[in-house]
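Step one of this worksheet: look at the structure below.
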Amino acid sequence: MSNQIKLNYRPEIDGLRAIAVLSVIIYHLEIFFGEEKILTGGFLGVDIFFVISGYLITLLIAKEFLKEQKISLLNFYFRRAKRILPALLFMIIITIFFAWTYLTPNNFLQYSNSIFSSILFYSNYFFYFSDLVYNSQNSLLKPLLHTWSLAVEEQFYILFPLFFIFIYKFIKEKLIISFLYILIIFFFLAVLITASNSNLGFYSNFSRMWEILFGSILAILEVKEKKIYFKFEKILPTFGLLLVIFSLFYFDNNTIHPSFLTLIPVIGVFLIIHFINSNNLIFKILTFRVFSKIGLWSYSLYLWHFPIFAFARNRGKSLSDFDKLELLGLTFILSIFSYYLIEKPFRKISYKHYKKFFIFIILILIFLCTFSFYSKKNNGFEDRVHVFLKNSMRENLWEKVSDESGPCFDRIKNYCNFNKNQKQRILLIGDSHSELLSFSLLNNFKQKYNFISMNRGSCIYLPNVEKKTIKENKEFHNCTIDSKIKIEKEINRKNNSIIILGGNFKEHFFTKYDWKYIASENISIEESFKKSVLKLLSDNKVILIYPIPSLDFNLQKRIMNELPKSTFKATYYLEKNPYTTNYKMYLNENDKILSFFNKIKHKNLIKIFPDEIFCNKSENICFSHEGKNLYYSDPQHLSLSGSEMLSNKIFDEIKKITLNKGLF
């Protein structure tokens, strides 16, 4: 067995790691200055890590190969394993206790599945196929989401030594140019992947490989003692750092990434590592003691920050500035503990003990896999929560209404059509908020009406408006113009229908949204909606549902975390400590929409006011439950009980319409 190759310590690399991990932490903590989020491009810290990893791993392999003319794959994988696995597995084991306390059964089940994907290093694709957008609010609730980047790196580590040996043996004289060609191929592959599917582009190892290869080229240049010469090379590290800092502030969630723009921070890191020297000002900044220490702790900081933030958010309440400060402190405490008691001691284990090490790791992996299996078998250990809460969490109203083709929700054609033999048609059109009414309405109708359900996620009734993604400029798959034309054809097939329009209107009207609307006419989205509704009213009755009061907390999660475990005490607690929201908050959030809807008038228009059901205006409160009867399944969506209350109000209006004659 050859002597273990050691790399010369470069303290400025730890400084770069510090910048990378602090950027990621601040980005995930969501710190605001006024209404502006600080470090909107903080996620680029991961890209910095990719370049650094490519540099260090390639340097290690190249030096060993040049010295020994071979690479000990077992030793290489052993070194990677003891560097990554102990701290990772320790973090996962500790998070199980937090997950048991803070995660609902459904979220606990998802968490358990993510454990399995994390320890087998395919979590980047696990989260992608879970349709989880990395920078969405929902993603901040997934404790192990951050392991996607570790999966990308591990996938690189597994294949890269073999790849390097092949390239070196057969194209030794053109090693740098070969890596450059491969980098270019992967770069353009990343651009193509991101252009067609930005979420896949973010998670895929194929779209990240070029960043790692940038680091590889740095290492090969160093090993071959070649340097890129430039007239003003002394200022290049400064320029590189400016590129990185600019990117951290310029990039945001709507930036196409990875893409040509991603070259900015990656080239910045390249310039710093390649051109820096001990006499440079940037060297002195990056080797400042605080930066060096944070750089040493960076892996542990990266491991711990995300689950700590995620569990805090899973309590169901918004985080205050003081909460965030506490979480930051806890992150550093656990990370320092992890570094000195777990990460550092395991790194010192010598190669001669590799068998004991791997046996130990395999036993832990077996335990975690078994735990994940039993979690799935027990539906996220749902018996942890109160029975009434468990029943509420099981509802899943989006799949309650179905026909022979499956659930009605989110279809773009062949919309569910019930009781076709009945004369009076009732059409329900809207988004997920409208779909929640389908089950209760269908039960109320008792086969007396022809009921057609046409609801799609985040797709309200806007027949003449295209909805496109900002990044790819593509139509949303469930909200295409073609699907809207099909809805219009169904509407126009027969007059004298009752059309119910609802949705989370504040997500679409008078606001900045995470997509772009393109109206067929040169008018606002709101005016397009009004024009479409007035057209419907000429031949139909329209029931317009005003905005439903939303919560500034997650009811189910707060009850799970705050309610006494005793059933009797829980009932008493809910009666004495009802969870309510401020009615004025509802008015402020929806003031423009309420004013806009109030101006739409027609003899065939019936308006439903949910605030009259869920709020006490005189006391300035809106209710989220009555005792154990929960009205909401999450901050925005009604539960079965809440939807029944609203559906009953709608059904009362429908009965008035059908009892009267000659209204059309």
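The values are calculated or read from the model by the stated rules, or taken from the named source; none is laboratory data. Everything numeric here is computed off the predicted structure, so don't read it as measured data. Glycine gets a Cβ as well: all are built from the backbone with ideal geometry, and neighbour counts include every protein chain shown. Quick note on the areas: whole protein, heavy atoms, side chains included, nothing else; ligands and nucleic acids left out. Shrake-Rupley method; radii C 1.70, N 1.55, O 1.52, S 1.80 Å.
Here the condition is being of a type outside the set (Asp, Glu) and open to solvent by 40 Å² or more (accessible area, probe 1.4 Å); of 327, 303, 334, it holds for 334 alone.
Pairs linking a residue in region 2-15 that is closer than 13 Å to residue 60 by Cα to a residue that is at pLDDT below 85 and open to solvent by 100 Å² or more (accessible area, probe 1.4 Å), with Cβ atoms under 7 Å and 6 or more positions apart or on different chains, are 5/67. Entry remark, region 95-110: residues being more than 15 Å from residue 385 (Cα to Cα) and either acidic (Asp, Glu) or touching a helix residue (DSSP H, G or I) at 6+ places or on another chain (Cβ under 8 Å) (or both) number 2 in total.
Filter region 255-267 down to residues that are touching a Ser or Thr at 6+ places or on another chain (Cβ under 7 Å) and assigned to a helix (DSSP H, G or I) and give me whichever is surrounded by the most Cβ atoms within 10 Å (Cβ to Cβ). It comes out as 265.
Scanning region 42-69 for residues that are closer than 22 Å to residue 218 by Cβ, open to solvent by less than 10 Å² (accessible area, probe 1.4 Å), modelled with pLDDT of 95 or more and among the small types (Gly, Ala, Ser) yields 45, 54.
Restricting to region 532-549, name every residue that is open to solvent by less than 20 Å² (accessible area, probe 1.4 Å) and closer than 19 Å to residue 437 by Cβ.
Within region 532-549, 533, 536, 540, 541, 542, 543, 544, 545, 546, 547, 549 qualify.
Counting the residues of region 441-468 that are closer than 13 Å to residue 397 by Cβ, open to solvent by less than 10 Å² (accessible area, probe 1.4 Å) and either assigned to a helix (DSSP H, G or I) or touching a Gly at 6+ places or on another chain (Cβ under 6 Å) (or both) gives 2.
For region 133-168, a residue qualifies if it is under 29 Å from residue 106 (Cα atoms), open to solvent by less than 10 Å² (accessible area, probe 1.4 Å) and assigned to a helix (DSSP H, G or I), and the qualifying residues are 139, 147, 148, 149, 151, 152.
Tell me whether region 1-15 contains one or more residues that are surrounded by 20 or more Cβ atoms within 10 Å (Cβ to Cβ) and outside any helix (DSSP H, G or I).
yes
Here the condition is being farther than 22 Å from residue 159 by Cα and touching a helix residue (DSSP H, G or I) at 6+ places or on another chain (Cβ under 8 Å); of 242, 180, it holds for 242 alone.
Note on region 611-663: residues that are over 30 Å from residue 497 (Cα atoms) and small (Gly, Ala, Ser) total 4. Report yes if some residue within region 123-132 is more than 17 Å from the chain's Cα centre (by Cα) and surrounded by 22 or more Cβ atoms within 10 Å (Cβ to Cβ); otherwise report no. The answer is no; no qualifying residue exists.
When the criteria are applied in full, residue 370 fails the requirement of being touching a His at 6+ places or on another chain (Cβ under 8 Å), of a type outside the set (A, V, I, L, M, F, W, C) and either closer than 30 Å to residue 135 by Cα or part of a helix (DSSP H, G or I) (or both).
Between a residue in region 152-169 that is in contact (Cβ under 8 Å) with a residue 60 or more places away in the chain and more than 13 Å from residue 58 (Cβ to Cβ) and any residue that is charged (D, E, K, R) and in a helix (DSSP H, G or I), which pairs come within a Cβ distance under 6 Å, given they are 6 or more apart or on different chains? Within 6 Å, no pair qualifies. What do you reckon, is residue 396 polar (S, T, N, Q), within 30 Å of residue 542 (Cα to Cα) and open to solvent by 20 Å² or more (accessible area, probe 1.4 Å)? Criteria met by residue 396. What number of residues within region 276-290 satisfy the criterion of being surrounded by 21 or more Cβ atoms within 10 Å (Cβ to Cβ) and part of a helix (DSSP H, G or I)? Within region 276-290, residues that are surrounded by 21 or more Cβ atoms within 10 Å (Cβ to Cβ) and part of a helix (DSSP H, G or I) number 2.
Among residues of region 205-224 that are closer than 9 Å to residue 51 by Cβ and open to solvent by 10 Å² or more (accessible area, probe 1.4 Å), those with a beta-carbon under 7 Å from a residue that is part of a helix (DSSP H, G or I) and of a type outside the set (D, E, K, R) at least six positions away or on a different chain give the pairs 214/51; 214/54; 214/183; 214/266; 214/270.
Answer yes if at least one residue in region 540-555 is assigned to a helix (DSSP H, G or I), touching a Ser or Thr at 6+ places or on another chain (Cβ under 6 Å) and in contact (Cβ under 8 Å) with a residue 60 or more places away in the chain, and no otherwise. Looking through region 540-555, at least one residue is assigned to a helix (DSSP H, G or I), touching a Ser or Thr at 6+ places or on another chain (Cβ under 6 Å) and in contact (Cβ under 8 Å) with a residue 60 or more places away in the chain. Does residue 443 count as touching a Ser or Thr at 6+ places or on another chain (Cβ under 6 Å) and of a type in the set (S, T, N, Q)? Judged against the criteria, residue 443 is not a match.
Select, from 251, 230, the only residue that is surrounded by fewer than 16 Cβ atoms within 10 Å (Cβ to Cβ) and either without any contact (Cβ under 8 Å) to a residue 12 or more places away in the chain or of a type outside the set (Val, Ile, Thr) (or both). Going through 251, 230 in turn, just one is surrounded by fewer than 16 Cβ atoms within 10 Å (Cβ to Cβ) and either without any contact (Cβ under 8 Å) to a residue 12 or more places away in the chain or of a type outside the set (Val, Ile, Thr) (or both): 230. Within region 480-531, restricting attention to residues that are farther than 24 Å from residue 610 by Cα and in contact with a Phe, Trp or Tyr (Cβ under 8 Å, 6 or more places away or on another chain), the residue that is least open to solvent (accessible area, probe 1.4 Å) is 487.
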